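One structure follows; several queries about it will come next.
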Amino acid sequence: MSVAINTEIKPFTAQAYHQGKFVEVTEADLKGKWSVVFFYPADFTFVCPTELGDLADHYAELQHMGVEVFSVSTDTHFTHKAWHDSSDTIGKIQYYMVGDQTGTITNNFGVMREGQGLADRATFIIDPQGVIQAIEVTAEGIGRNASDLVRKIKAAQYVAAHPGEVCPAKWQEGEATLAPSLDLVGKI
């Protein structure tokens, strides 16, 4: 992968299917709020609709948290609309379905499968400044869990709002955090 935590997203322009319309999306649309860029290999496949449907089921909660979602595959925005219109699972989606047929976005994020023209199954959590705060990449057959994504975003938002504090493993909203200091060394 050519991107890393704490790097800024690169410029792009693409067409997306969003709430019944074709719209242009650029990197500027990912700034000013928390964003999730959710790459998947292809429309009309098997694991992908289960992930996208799970994410659709959590979209209202993510919106309440001030998070926008951009799903991305190397299919066209026209294909996204056809899939949205023909599948009950995909028909639930209200977030952006970005078409990246040129591979610009997929290559910008370093998740293009060499020689295949398909994106890896990858998730990026991006802060309001356009800086990557979390990356998850899984193998083809391993679907992602939107509940865990929500937990990670809450942790990232908490840490951003509370300098000097960190969220331990399995942290859930409202639980204790840690304030790293010399006094904690060897005590955890």
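The values are calculated or read from the model by the stated rules, or taken from the named source; none is laboratory data. Please read these numbers as outputs of a predicted model, since none were measured by experiment. In this analysis, Cβ positions are derived from the backbone assuming ideal geometry, glycine residues included, and neighbour counts consider all displayed protein chains. Areas reflect the complete protein model, heavy atoms only, side chains present, ligands, DNA and RNA absent. Shrake-Rupley method; radii C 1.70, N 1.55, O 1.52, S 1.80 Å.
Can you tell me which residues in the range 1-19 are open to solvent by less than 80 Å² (accessible area, probe 1.4 Å), out of contact with any His (no Cβ under 9 Å at 6 or more places or on another chain) and over 23 Å from ARG144 (Cβ atoms)?
Those that are open to solvent by less than 80 Å² (accessible area, probe 1.4 Å), out of contact with any His (no Cβ under 9 Å at 6 or more places or on another chain) and over 23 Å from ARG144 (Cβ atoms): none in the range 1-19.
So, one more: How do the pairs read when you match residues in the range 20-31 that are within 19 Å of ALA82 (Cβ to Cβ) with residues anywhere that are open to solvent by less than 60 Å² (accessible area, probe 1.4 Å) and of a type in the set (Val, Ile, Thr), using Cβ under 8 Å and keeping only pairs 6 or more apart or on different chains?
Every condition considered, the pairs that remain are VAL25/VAL98.
Does PHE44 satisfy the criteria of being more than 24 Å from ALA156 (Cβ to Cβ), part of a loop (DSSP other than H, G, I, E, B) and either open to solvent by less than 10 Å² (accessible area, probe 1.4 Å) or modelled with pLDDT of 95 or more (or both)?
yes
Matching residues to (1) without any contact (Cβ under 8 Å) to a residue 40 or more places away in the chain; (2) within 22 Å of THR138 (Cα to Cα); (3) part of a helix (DSSP H, G or I); (4) among the aliphatic types (A, V, I, L, M):
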{"position": "VAL69", "(1), (2), (3), (4)": "yes, yes, no, yes"}
{"position": "VAL72", "(1), (2), (3), (4)": "no, yes, no, yes"}
{"position": "ASP75", "(1), (2), (3), (4)": "yes, yes, no, no"}
{"position": "TRP83", "(1), (2), (3), (4)": "no, no, yes, no"}
{"position": "THR89", "(1), (2), (3), (4)": "no, yes, yes, no"}
{"position": "MET97", "(1), (2), (3), (4)": "no, yes, no, yes"}
{"position": "THR106", "(1), (2), (3), (4)": "no, yes, yes, no"}
{"position": "GLN116", "(1), (2), (3), (4)": "yes, yes, no, no"}
{"position": "ALA122", "(1), (2), (3), (4)": "no, yes, no, yes"}
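Can you work out which of the residues in the range 86-109 that are of a type in the set (Gly, Ala, Ser) and surrounded by fewer than 16 Cβ atoms within 10 Å (Cβ to Cβ) is nearest to PHE124 (Cα to Cα)?
GLY103
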